[in-house]
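K.L.:
Below: one structure in structure tokens.
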Amino acid sequence: MFEIEYEFSQEDLMHFNEARLKNNLPLQADLRKHRFFMMGILLFISLFYYIYYKDMEMPAYILGFGLLWLLGFKPYETKMDMRRQILAKYTEEEKKKLFGDYHLSIDQHYLVVKSPSGKEKMAWKDLMRVEYGDKYVYIYVDLDSALIIPVATLKKGNLEEFAEQAEGMIERAG
């Protein structure tokens, strides 16, 4: 029987959602449009200022601010806003049940999950897939949620063998 034990934290949840945000192409296109639209407005204002007042210094400041907005502030602000929205979805009690030590074990018919919220059995046919990230392994429960297994906080077990076995069980059940 394959089993692993790990600790799941708030940073792991944020990493999962940031990875999903990076892979959401329509949302990324909207964010890019917004950033370049703002830069276009600032370019128009600086061009107007240059033509109307014949001054080069103020348009340079406006364009400098626009570049800072485009390259630095807006991506950082978007990331922080996303983090605030995600954390606002959970009450303190839900956070206590979500974050902490997890113990996963593979049964012939179920993935058994022992977490701070209790023990749960997930049928293999109900699980979608196993996906490998750079520092994480994800076992998708549905399109938007997954069991997030961080490599860094693994306490017990062999994650590679566990993930391969889980992937095989999902394929057989599907």
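For every residue, the table says whether it meets (1) polar (S, T, N, Q); (2) farther than 14 Å from residue 16 by Cβ.
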| site | (1), (2) |
| --- | --- |
| 94 | no, yes |
| 100 | no, yes |
| 110 | no, yes |
| 117 | yes, yes |
| 145 | yes, no |
| 150 | no, no |
| 159 | no, yes |
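K.L.:
Another question, then. Can you list residue pairs whose Cβ atoms sit under 6 Å apart, with the first residue in the range 145-174 being closer than 14 Å to residue 132 by Cα and the second being acidic (Asp, Glu) and surrounded by 12 or more Cβ atoms within 10 Å (Cβ to Cβ)? Count only pairs 6 or more apart in sequence or on different chains.
P.N.:
Sorted first by the residue in the range 145-174, then by its partner, the pairs are 148/12; 150/12.
K.L.:
Please indicate, with yes or no, whether at least one residue in the range 58-71 is without any contact (Cβ under 8 Å) to a residue 60 or more places away in the chain, of a type in the set (Ser, Thr, Tyr) and more than 30 Å from residue 133 (Cβ to Cβ).
P.N.:
There is at least one residue in the range 58-71 that is without any contact (Cβ under 8 Å) to a residue 60 or more places away in the chain, of a type in the set (Ser, Thr, Tyr) and more than 30 Å from residue 133 (Cβ to Cβ).
K.L.:
Looking only at the range 99-107, decide whether some residue is touching a Ser or Thr at 6+ places or on another chain (Cβ under 7 Å) and of a type in the set (Val, Ile, Thr).
P.N.:
no
K.L.:
Determine, yes or no, whether residue 157 is surrounded by 14 or more Cβ atoms within 10 Å (Cβ to Cβ) and at positive phi.
P.N.:
yes
K.L.:
Still on this model: Considering the range 72-106 alone, what residues qualify as being closer than 22 Å to residue 151 by Cα and touching a residue at least 60 places away in the same chain (Cβ under 8 Å)?
P.N.:
Of everything in the range 72-106, those that are closer than 22 Å to residue 151 by Cα and touching a residue at least 60 places away in the same chain (Cβ under 8 Å) turn out to be 83, 95, 98, 99, 100, 101, 102, 103, 104, 105, 106.
K.L.:
Let me ask you something else. Looking only at the range 105-118, count every residue that is modelled with pLDDT under 95 and charged (D, E, K, R) and tell me the total.
P.N.:
1
K.L.:
Within the range 136-147, count every residue that is in contact with a helix residue (DSSP H, G or I) (Cβ under 8 Å, 6 or more places away or on another chain) and over 17 Å from residue 105 (Cβ atoms).
P.N.:
Number of matching residues: 4.
K.L.:
Collect the residues in the range 116-139 that are touching a residue at least 40 places away in the same chain (Cβ under 8 Å), within 20 Å of residue 10 (Cβ to Cβ) and surrounded by 17 or more Cβ atoms within 10 Å (Cβ to Cβ), keeping them in residue-number order.
P.N.:
Within the range 116-139, 136, 138 qualify.
K.L.:
To continue, here is another question. For the range 69-174, which fully contained helices (runs of 4 or more DSSP H) count at least 1 residues that are more than 20 Å from the chain's Cα centre (by Cα) and over 30 Å from residue 29 (Cα atoms)?
P.N.:
92-98, 159-173
The values are calculated or read from the model by the stated rules, or taken from the named source; none is laboratory data. Remember, predicted model here, so these are calculated numbers, not experimental data. Neighbour counts are summed over all protein chains in view; Cβ atoms, including those assigned to glycine, are modelled from backbone coordinates with ideal geometry.
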